[in-house]
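So the structure is just underneath, and the comments pick up after that.
The values are calculated or read from the model by the stated rules, or taken from the named source; none is laboratory data. Small disclaimer: the values here were computed from a predicted structure and weren't measured. Note: ideal-geometry Cβ built from the backbone for every residue, glycine included; neighbour counts use all protein chains shown. For accessibility, only protein heavy atoms count, side chains too; no ligands or nucleic acids. Shrake-Rupley method; radii C 1.70, N 1.55, O 1.52, S 1.80 Å.
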Amino acid sequence: MKSTLRIGDFGVFLATCLLSFTVLETVQAQQSCRNPNQNRGTCISIYDCPSLFSVVQKNPLSSEDRNFLVSSKCINGVGRQPHVCCTNDRGFGVQESTPQPSPVTPTPTRNSGPNGPQGQGNLLPSPPNCGPNSFMNKIYNGNDTALDEFVWMALLEYVDRTGRRELSCGGSLINNRYVLTAAHCVIGEVLKEVGRLTTVRLGEYDTSKDLDCIDNNCNQPIIERSIEETIVHPEYDPLNKDRTHDIALLRLDPPVLLNEYIQPVCLPLVSTRQAINTGELLVVSGWGRTTTARKSTIKQKLNLAVTDHATCQRKFATRNIKLIESQLCAGGEYYKDSCDGDSGGPLMREGFNNAWYQEGVVSFGNRCGLEGWPGVYTRVSDYVDWIQETIRP
Ligand code: 4AZ
């Protein structure tokens, strides 16, 4: 991912926003909840909860502190995320040991009318069982993600003819069985250029380290899954340079046990969908090419503005590429772009219930980071029906 975004600038901006919002935001919907000590509290923004805000500001944050924060998360649609069950407690009651958050399995939502294929339950999670927010991202801003940010990111592993393994495209976990990626990461040129897709890696942060730790917070070891089935969108044509329907599903074997660092992203189901407006900022994440390296070892993130579709169509038409409505353009600013290696990864936004939704799949561009050339993404909302009809328990 190419970017000129500077870490410091964004940190100062965020801190200023947080402070001013704390002062301005006086009306807060009160929702009762129980904190991890089973004490009754109110589900509010962490920025409005002095006891827990003081914990999140500790440096370093102990794993017990972090577990308490994670276990305090709750869902409330009002105010800035993340929301916590706020009491006066600053940590686990009298417990001596560090309780580990129990693995979370997404609760399949009931067959929700227009969302689910007829007669089949909806296998895609809804908030709070998908798209969780980071607790650390106010510290690690700019290009590197926080350790616990975008924890649905997948890395795809290939084997070439000589048996050499290579990590290339990205993907996103959408439930405990399926990863969403780009069709061009699975079939076509990729077979010659990289190799055969064999494995999905989840829970990764820094590919150069076995154990990823930041300020005493360490994630759990990565997990790898083999691919039981690869399902490329039936209308994708690897020979067509327009790259329409560039989307594919990977069925993992066996299913993954979710944890704090491995969670599914939410998809824009009919019930949670919001229009995507030109100029709106979305976030892309991946381990792809940067301005200085062929691949990034650390998971990256970058804000990109949605481009007007007609303008983007006209731009790509000059290269004889015909874009359709189910493709989404974003970026077009010098050096701010997704790039090779990011393909198949998600373009996201924080939406309904303050959860993260995947709106695009990184598809292609005219090289990377060229002024006036947005990146092209597969528009996920147009494929939710196909995904729902295709996935099985
Ligand atoms: C690629 O080669 C690629 N700028 C992916 C995304 C973009 C360009 C190239 C978008 O995989």
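Observations, loosely collected:
- The stretch 213-274 - Kirkwood radius from inverse mean 1/r over Cα pairs (Å): 15.3 Å
- Look at the dipole of the stretch 244-393 built from charges on Cβ: of Leu252, Asn366, Met348, the Cα furthest out on the positive end belongs to Asn366.
- Mean projected area in nm² (Cα convex hull; one quarter of hull surface) for the stretch 177-281: 10.0 nm²
- Members of Lys192/Lys295; Lys315/Lys336; Lys73/Lys336; Lys209/Lys315 lying beyond 29 Å, as alpha-carbon distances in this model show: Lys73/Lys336; Lys209/Lys315
- Taken over the stretch 325-393, the percentage of Cα pairs per 10 Å bin, counting from 0 up to the bin with the maximum distance, is 21, 44, 28, 7, 1.
- Accessible area per residue was computed with a 1.4 Å probe on protein heavy atoms; Arg349 scores about 20 Å².
- Per-residue SASA entry for Ser32, accessible area with 1.4 Å probe, Å² rounded to 10: 80 Å²
- Legend: translational diffusion of the stretch 266-353 by Stokes-Einstein, Rh = Kirkwood radius over C-alpha pairs, 4 °C, 1.567 mPa s; D = 90 µm²/s.
- GluC sites (Glu not before Pro) within the stretch 236-331: DSSP coil, no more than 13 neighbouring Cβ in 10 Å: Glu325
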